[in-house]
Amino acid sequence: FYDGTYFAHASNYYLYQHPRRARISISGLHEFLREEVAKHEHVDKRYCQIVDAHYFRGRMSAKQASEHDSSQLYKDRQWDDVLIREGVIMHLLPMASGVGGVKEKGIDVWFALEAFELAMYKRFDVSVLVTGDGDYVPLVRKLNTLGTRVMLLAWDFEAEYGGAKKTTRAAQKLIDEVTYAVMMSDEIDARNRKGDPIIEGIFLPQAAHDHPAARDTEDG
């Protein structure tokens, strides 16, 4: 279950500010995920299959997108194509206009409801949350009551926007509640030094860097 804004923020960090200068690959991340689940669950990787993948994000209307960036509609469609190819189901809500621009509203509630409902009806062994938001602690606790183990994929990093530094950190209370916390920033930097092919696969090749993970702003 992807927190789309959070994931886009992490992907843009690796493309624009991390020494790798590469976007995160959905297929590469899923392959890494299967390896991690196999390791933590102590089973063969063949028994670790991603049976559902869901992406949640607010989306600008056509009018908002054209006013924000004339190329935004094309970028959104490119990203849709990436998710469709990888079998990721999109859950999109319209962005709300207000003071300070357009903002997401209600998408976190949809994320939590969908994650809980699917785990309950499909009896997932492991639910993976790609987020760092402490607001999802109640969701994790509910998933735990179902007997579903929860894996968290999260990043800690510092990035610069317009000359000002902003720190992104996963909420400690969320890390404490999940079954398996995988800090991707640490995993990538540590295993990259050893030339781990799984880590290499997380990133897109140079020729594919132009595809957008989605828009990213200072406030995520």
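The values are calculated or read from the model by the stated rules, or taken from the named source; none is laboratory data. This one's a predicted model, so the numbers in the text were calculated from it and none came from an experiment. When we count neighbours, we look across all protein chains shown, and the Cβ atoms used for this are built from the backbone with ideal geometry, even at glycine. To get the accessible areas, we keep the full protein, side chains included, count just its heavy atoms, and leave off ligands, DNA and RNA. Shrake-Rupley method; radii C 1.70, N 1.55, O 1.52, S 1.80 Å.
Consider all pairwise Cα distances in the chain and report the whole-number % of them above 24 Å. Each step should come with its number before you reach the end.
Numbers: 10446 of 24090 pairs.
Summing the P(r) tail past 24 Å for the chain gives 43 percent.
Write down the Kirkwood hydrodynamic radius of segment 46-98, to one decimal in angstroms, obtained as one divided by the mean of 1/r over all alpha carbon pairs. Can you show the working numbers first?
Working: mean 1/r = 0.0791 Å⁻¹.
Roughly 12.6 Å, rounded to one decimal.
For segment 123-192, report the accessible area per residue in Å² (1.4 Å probe, heavy atoms, rounded to an integer).
Numbers: 3290 Å² over 70 residues.
Here the per-residue accessible area is 47 Å².
Overall, the accessible surface of the chain at a probe of 1.4 angstrom is composed of carbon and sulfur to the extent of 51 percent. Each of the trypsin sites (Lys or Arg not before Pro) that DSSP puts in a loop and that has at most 10 other Cβ atoms within 10 Å breaks the chain; the longest unbroken stretch is 1-122.
For the chain, modelled as a GNM whose springs connect Cα atoms under 10 angstrom apart, the maximal fluctuation among 53, 154, 62 occurs at 62. In segment 1-45, the inverse of the mean reciprocal separation of distinct Cα atoms equals 11.8 Å; this is its Kirkwood hydrodynamic radius.
Other residues whose C-beta falls under 10 angstrom from the C-beta of residue 174 contribute a net charge of -3, scoring Lys and Arg +1 and Asp and Glu -1. Modelled label positions at residue 198 and residue 80, each set 7 Å beyond Cα in the direction of Cβ, lie 3.5 nm from each other.
Within the chain, DSSP assigns beta bridges of which about 35% are antiparallel (rounded to the nearest 5).
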